[in-house]
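Below is one structure, written out as structure tokens, with a few remarks after it.
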Amino acid sequence: MENTSWVSRIRTILLIAWKFAIEHSFVWTVMEGTYQRDWKKGRSEKVTIKIFSLLGGIYQVRQAYTRHRMEIEIREWLAVYNYATRSLDEINGNRRCYFSPEDKMLLMENFHYQKESAFAQEGGSRA
């Protein structure tokens, strides 16, 4: 009877750890890349997320505002992944990036950005 209790507890712990790893690995695979939102005619905003330090879990976030395909303002900052909120939090700042992996969407500063497809990032047109 006592062995069954321990086996059940170990099975539950392993299941929770597995679920946690699967959820976060899914977010990590979707997180890196370029996200875009069009907000006015001829104006858009792109957010690019790259791994800055794999061991430290540090990411570089680059926010570029464009007007007629020319960058007019660029903001860059470093962020770390927060496991509790599942977000990228700016180091020594208050900016945050939240992700919706199912929709390939980034949420930041009350705006949503759609992830660009690999074809569109290479300069191809969207069909």
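Looking at this structure, is Val30 surrounded by 14 or more Cβ atoms within 10 Å (Cβ to Cβ), closer than 13 Å to Leu106 by Cα and of a type in the set (Val, Ile, Thr)?
The answer is yes for Val30.
Just give me the residues in segment 16-75 being over 22 Å from Pro101 (Cβ atoms) and of a type in the set (A, V, I, L, M), in sequence order.
Listed by number, the residues that qualify are Leu55, Ala64, Met70, Ile72, Ile74.
Would you point out the residue of segment 99-116, among those that are surrounded by fewer than 15 Cβ atoms within 10 Å (Cβ to Cβ) and in a strand (DSSP E or B), that is farthest from the chain's Cα centre (by Cα)?
That would be Phe111.
Only residues that are at pLDDT below 80 and charged (D, E, K, R): list them for segment 5-20, please.
If the condition is that a residue be at pLDDT below 80 and charged (D, E, K, R), then no residue fits.
What is the one condition in (1) exposed (fewer than 15 other Cβ atoms within 10 Å of the Cβ); (2) part of a strand (DSSP E or B); (3) at pLDDT 90 or above that Ile49 does not satisfy?
(1)
So which residues in segment 21-40 are over 10 Å from the mean Cα position of the chain (by Cα) and at pLDDT 80 or above?
Gln36, Arg37, Asp38
Given Arg43, Arg95, Arg37, which one is more than 30 Å from Glu23 (Cβ to Cβ), in contact with a strand residue (DSSP E or B) (Cβ under 7 Å, 6 or more places away or on another chain) and touching a residue at least 24 places away in the same chain (Cβ under 8 Å)?
Within the list Arg43, Arg95, Arg37, the selection yields Arg43.
Return yes when Gly93 is more than 19 Å from His112 (Cα to Cα), surrounded by 13 or more Cβ atoms within 10 Å (Cβ to Cβ), more than 11 Å from the chain's Cα centre (by Cα) and of a type in the set (Gly, Ala, Ser) and no when it is not.
Considered against the rule, which asks whether it is more than 19 Å from His112 (Cα to Cα), surrounded by 13 or more Cβ atoms within 10 Å (Cβ to Cβ), more than 11 Å from the chain's Cα centre (by Cα) and of a type in the set (Gly, Ala, Ser), Gly93 comes out as no.
The values are calculated or read from the model by the stated rules, or taken from the named source; none is laboratory data. Keep in mind the model is a prediction, meaning the values are calculated, not measured. No Cβ is skipped: glycine too gets one built from the backbone with ideal geometry, and neighbour counts run over all protein chains shown.
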